Every structure is written in C-alpha cells, then in structure tokens.
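Here is the structure we will look at, set down as structure tokens.
The values are calculated or read from the model by the stated rules, or taken from the named source; none is laboratory data. All values reported here derive from a predicted model rather than from experimental measurement. All Cβ positions, even for glycine, are placed from backbone atoms using ideal geometry, and neighbour counts span all protein chains on display. Ligands, DNA and RNA are stripped out before the accessible areas are found, and what is left, the full protein with its side chains, is counted by its heavy atoms. Shrake-Rupley method; radii C 1.70, N 1.55, O 1.52, S 1.80 Å.
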Amino acid sequence: MELVIQPDADSAARLVALLIAKALREKPHLVLGLATGRTMERVYAHLVRMHKEQGLDFSLCRTFNLDEYIGIPASHPGSYRFYMNRHLFSQINIDPRNTFLPDGMACDTQSACRHYEELIAEFGGIDLQLLGIGADGHIGFNESLSALRSRTREKALAPSTIAVNRTLFDNPAEMPSRAITMGVGTILDASNIILLVTGSTKAEIIAKAVEGPITSMVSATALQLHPRCRVVVDEHAATRLQAQEYYRWIFATEPEWAEYR
Ligand code: F6R
C-alpha cells in the first residue's frame, strides 16, 4: 500500500484522475471499476475535462460500478446509474453498452449478483478499481462484518449509511435500505486499486483503515492485503495518520511519483 497526501480535495481528485488517465492511455481496453458518492464527483469532473481538453479516449474502455441500490430504476435520480450517466458517461465518448452496474431491479437478485461476477470474469477482471470510503469504513456497500472474502451480493445498509446517503435524495423517504455490492473479495481481485479519501470527517476512519489492524469491522482494512493499492488523501483527511512523515517522504523522493509532484 502507498499513501499520498495532497494539499486539498481538488488536487487529490486531480491526482486520481491523472492516474486513471495514465492507465487508460497505456491500455485503451482498460476494465475500470468505478465508485459513486460525493468524493468521486471531482474525479469525474477532471476526467470529463481531460476528455474535452486533451481528447482522453474512453471509446474502448469498459466500466463496472461497485454497487447499486435495490428497488429504484435507472431513471431515478437517486440511482447510481443515474449518477454515473450524469457525472461521467454522458460527457465522455464511452459506449454505454460497455458500462455495467449491478441490476438493482432484477426479480432474482441472487442470480443478478452471480451474473455480475461472471461478467467481470468474462472481461478478464478489473484492471483498476476506484474506491471511496464510508464513515464506518465500508468500501462499496460492504458494511461492518462483511466477510473479507465476500463476493457480489445483496446487503442491508447500515443506519449510519442510510442517514448520510438519504440527504442525496430529493425525497429522503425514497432512499432504499438495501443494495447490491461487489464483495470485499471481488474488490481485492482487481489488479490495481486507488482509494480516494478527502475531508476531516474521514480522518479517523482512514487512519484505522490503513494503519489499524485488519478486521471485518472496517472493510477497508482488507486493502492492506492488496499488493497494488494506492491511497490518495487530502490534508484534512490526513490529520490522524501516524506515519505522515514517511508518506510525504515517499511522494517527494520516489521516481514513480516524479511526474505528479
Ligand atoms: C459508492 C461507494 C461508497 C462510497 C462511500 C463514500 O459507490 O462505493 O463506498 O464511496 O460511501 O461516499 P462519499 O464520497 O459520498 O463520502
């Protein structure tokens, strides 16, 4: 795991977008794992800008989102399909047929979950998975006590997650309490992972996630097991990290980061 501290939320998101753009230029058929949420909005804004200004090409890229609510259609403004169309897909040259989210409207949720795993495998697995973190340490919607080897499945959302996410719904009562999410094991199968964390409200949980003991109570701690996981945080999120000096030293001196300094 490597951790990079950036001055503010926008430069952190920009760095993540640059890392994604680099991966996409190196492999135009990139299989990209995507996340939703407030933190990701800036990343998608940067990717859209890079597409418009520099011609960043998504035409061959395939995307798999981490999760989708159960029981609201793609046309619902609270659905993650709607979010992705709005913030990214409608503004870049991606083929909509190459964009995948779990089917939250499936009659048979279990077989929809199995199908999602099969589809990811058919495309050769996820090359680069983008992640945010929830206040309880969830990645995707893997709430506390999610098995560290879990696969795509239906999950009941934690009351804390519902409380935070329902504010994104025009009518908070419409916020579903269940979702389909890739499992922690599914996420760990990605070849590369980037976790983006910004803001002081995430300072405590990101310190637990990267410097605390691995526990299913905090799903993000499982990322410590991944051989190629990069974590990008802003100064506000970095305040509780014990090894800040070391992280800053790595970013300032390691050749792999030279082009981003
Ligand atoms: C959503 C997802 C979640 C969010 C997390 C943080 O697809 O994967 O794990 O990344 O809840 O959300 P924000 O960025 O809104 O704090």
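Numbers at a glance
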| quantity | calculated |
| --- | --- |
| Among Pro176, Thr161, Gly125 the positive-end extreme of the charge dipole of the stretch 2-260 (Cβ point charges) | Pro176 |
| The stretch 63-79-the stretch 97-133 distance, computed between alpha-carbon centres (Å) | 12 |
| Size of electric dipole in the chain: Cβ of Lys, Arg +1 and of Asp, Glu -1, about Cα centre, debye, nearest 20 | 100 |
| The chain: DSSP helices with Cα axial extent of at least 20 Å and average Kyte-Doolittle hydropathy no lower than -1.0 | 9-26 |
| Solvent-accessible area, 1.4 Å probe, carbon plus sulfur percent, for the chain | 52 |
| Surface accessible to a 1.4 Å probe, Leu168 within the full protein complex, Å² | 90 |
| Helix-derived mean residue ellipticity, 222 nm - over the chain, DSSP H n ≥ 4, -39500 (n - 2.57), to 500 | -10500 deg cm²/dmol |
| Fraction of alpha-carbon pairs over 15 Å apart in the stretch 42-106 - percent | 52 |
| Lysines with Cα under 29 Å of Lys208, excluding same-chain neighbours fewer than 8 positions away | Lys155 |
| The stretch 55-118 - accessible surface per residue (Å², probe 1.4 Å) | 46 |
| Residue order for Leu60, Leu188, Leu223 - accessible surface, 1.4 angstrom probe, largest first | Leu60, Leu188, Leu223 |
| In the stretch 91-157, trypsin sites (Lys or Arg not before Pro) in a DSSP loop with at most 13 other beta-carbon atoms within 10 Å | Arg149 |
| The stretch 113-226, Rg to Rh (Cα coordinates; Rh as Kirkwood inverse mean 1/r) | 0.97 |
| Per-residue SASA entry for Arg86, accessible area with 1.4 Å probe, Å² rounded to 10 | 150 |
| Percent of alpha-carbon pairs separated by more than 29 Å within the stretch 2-260 | 25 |
| Where the stretch 213-261 is the region considered: accessible area per residue in Å², 1.4 Å probe | 58 |
